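Working notes for the structure below.
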Amino acid sequence: MFKLILFILLLGVLYMTNPPKAKHQENVVEKLNEMLGEKVDESGLGILKGLSKRLGGSLLSVYVQDYLAYENYYVASISRLPYLEGEEIKALGIAGQVFLLGGVDKEALQKKLGADLGL
């Protein structure tokens, strides 16, 4: 009986702390901004670097808002963001945290971001 009550409490805590879609969006945008920042640093834009990062970050936020698929399983959530044909960024949300799953083809993503943003 104690184990059942503990299990129900655990499910309740996971339900209450399941991250919403906005948290998934923030996490994915943050990761993409890191990758974009590395691409901008390599491009040698000098004084325009800060502007490029802000502009790129704004464009990424809009892209993520429009294309992030969010699946809520009440005690956990999964999000997917396509970035190349047949490739997607996957994230798992549980207990208030969002974790990126699997590997992201960093080089291909930077190439795609660089081409889309003119870097």
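The values are calculated or read from the model by the stated rules, or taken from the named source; none is laboratory data. The model shown is predicted, which means the values in this text are computed figures rather than measured ones. Cβ placement follows ideal geometry from the backbone for every residue including glycine, while neighbour counts extend to all protein chains displayed.
Among the residues in the range 91-103, are any at pLDDT 75 or above, out of contact with any Cys (no Cβ under 9 Å at 6 or more places or on another chain) and of a type in the set (S, T, N, Q)?
yes
Identify the residue in the range 17-27 that is surrounded by fewer than 16 Cβ atoms within 10 Å (Cβ to Cβ) and more than 8 Å from the chain's Cα centre (by Cα) and, among all such residues, is nearest to Ser77 (Cα to Cα). Don't jump to the end; show me each part of the working.
Let us first name the residues in the range 17-27 that are surrounded by fewer than 16 Cβ atoms within 10 Å (Cβ to Cβ), namely 17, 20, 22, 26.
Filter once more, so that each one left must be more than 8 Å from the chain's Cα centre (by Cα): 17, 20, 22.
Details: Thr17: 11, Pro20: 8, Ala22: 12 Å.
Residue satisfying both the conditions and the ranking: Pro20.
A quick yes/no check of all residues on (1) outside any helix (DSSP H, G or I); (2) at pLDDT 90 or above; (3) more than 15 Å from Val75 (Cβ to Cβ):
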| residue | (1), (2), (3) |
| --- | --- |
| Leu4 | no, yes, yes |
| Tyr15 | no, yes, no |
| Val29 | no, no, yes |
| Met35 | no, no, yes |
| Glu38 | no, no, yes |
| Ser52 | no, no, yes |
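Could you go through the range 56-77 and let me know if any residue there is in a helix (DSSP H, G or I), more than 26 Å from Gly96 (Cβ to Cβ) and at pLDDT 60 or above.
Filtering the range 56-77 down to residues in a helix (DSSP H, G or I) leaves 56-67.
Add one more test, that the residue is more than 26 Å from Gly96 (Cβ to Cβ), and what stays is 56, 58-59.
Right, trim to at pLDDT 60 or above and you get 58-59.
Yes - at least one qualifying residue is present in the range 56-77.
Would you be able to say whether some residue in the range 78-86 is at pLDDT 75 or above and in a loop (DSSP other than H, G, I, E, B)?
The answer is no; no qualifying residue exists.
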